Amino acid sequence: MIYKHFENCEIGEKVLSRARTITETDVVSFCYLTGNWLQLHSDAEFAKNTIIGERLVQGALVFSLIPGLFIISAPGIIVASYGIDKIRFLKPVKIGDTIHAESEIVEKQDKGDKGGVITQKIEVKNQKGETVQVCLWKMLISREA
């Protein structure tokens, strides 16, 4: 994600996250949390008869794991999430898949004395190196005091 103040960020900078294996507990916990009990995620017998042939991890769960894949930024650098654009779920993520994220700064917008908006292209990849999810994530980043 972003580890530096706005004025120190450069377009083209990349950050690679750590990896994480998604478990059945993650999927079931997300079902409880969101109330999304869609059979494709929660019913193993149903999922056996789908095109994929097994349960899938919710796309929203994969997305929600992105910040935790990155080492936490220093306090006060990230002010707020500014929006997510063009999110796409490109390949199915299955229970037992190991994902990581790759972030690249693709745009900077100055917002005055206090900071600016950094747009990152985030690609989530599985253990095979396949891109499973992509988005443009905008974050409001502070300037150095």
Please determine whether any residue of the range 34-44 is farther than 16 Å from CYS135 by Cβ, touching a His at 6+ places or on another chain (Cβ under 8 Å) and charged (D, E, K, R). no
Breaking point among (1) aromatic (Phe, Trp, Tyr); (2) out of contact with any strand residue (DSSP E or B) (no Cβ under 7 Å at 6 or more places or on another chain); (3) crowded, with 17+ Cβ neighbours inside 10 Å, for TYR32: (3)
Hey, does the range 115-122 have a residue that's touching a residue at least 24 places away in the same chain (Cβ under 8 Å), small (Gly, Ala, Ser) and in contact with a helix residue (DSSP H, G or I) (Cβ under 8 Å, 6 or more places away or on another chain)? yes
State which residue pairs qualify: first residue surrounded by fewer than 12 Cβ atoms within 10 Å (Cβ to Cβ) and inside the range 10-25, second residue of a type in the set (A, V, I, L, M) and assigned to a strand (DSSP E or B) in any location, beta carbons under 7 Å apart, and separation of 6 or more residues or different chains. GLU10/ILE105; ILE11/ILE105; ILE11/VAL106; GLY12/ILE105
Just to verify a result, which residue in the range 71-113, among those that are among the basic types (Lys, Arg) and in a loop (DSSP other than H, G, I, E, B), is nearest to THR50 (Cα to Cα)? LYS91
I'd like the full set of residues that are within 15 Å of the chain's Cα centre (by Cα), within 20 Å of ASP26 (Cα to Cα) and of a type outside the set (Val, Ile, Thr), limited to the range 98-145. HIS100, ALA101, LYS125, ASN126, GLN133
From the residues in the range 126-145 that are at negative phi and assigned to a loop (DSSP other than H, G, I, E, B), which one is surrounded by the most Cβ atoms within 10 Å (Cβ to Cβ)? ASN126
In the range 11-42, which residues are over 18 Å from the mean Cα position of the chain (by Cα) and either in a strand (DSSP E or B) or within 30 Å of VAL117 (Cα to Cα) (or both)? ILE11, GLY12
Given the conditions (1) in a helix (DSSP H, G or I); (2) surrounded by 15 or more Cβ atoms within 10 Å (Cβ to Cβ); (3) of a type outside the set (Lys, Arg); (4) out of contact with any Asp or Glu (no Cβ under 9 Å at 6 or more places or on another chain), and given that GLY68 satisfies all but one, which numbered condition is not satisfied? (2)
I need the full set of residues from the range 39-59 which are exposed (fewer than 13 other Cβ atoms within 10 Å of the Cβ) and either under 29 Å from LYS121 (Cα atoms) or in contact (Cβ under 8 Å) with a residue 40 or more places away in the chain (or both), in order please. ILE52
Quick check: is even one residue across the range 79-88 surrounded by 13 or more Cβ atoms within 10 Å (Cβ to Cβ) and of a type in the set (S, T, N, Q)? no
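Read-outs throughout are calculated quantities, based only on the coordinates presented, and are distinct from any laboratory measurement. Everything numeric in this text was worked out from a predicted model, so none of it was measured. Every residue, glycine among them, receives a Cβ derived from its backbone with ideal geometry; neighbour counts consider all protein chains shown.
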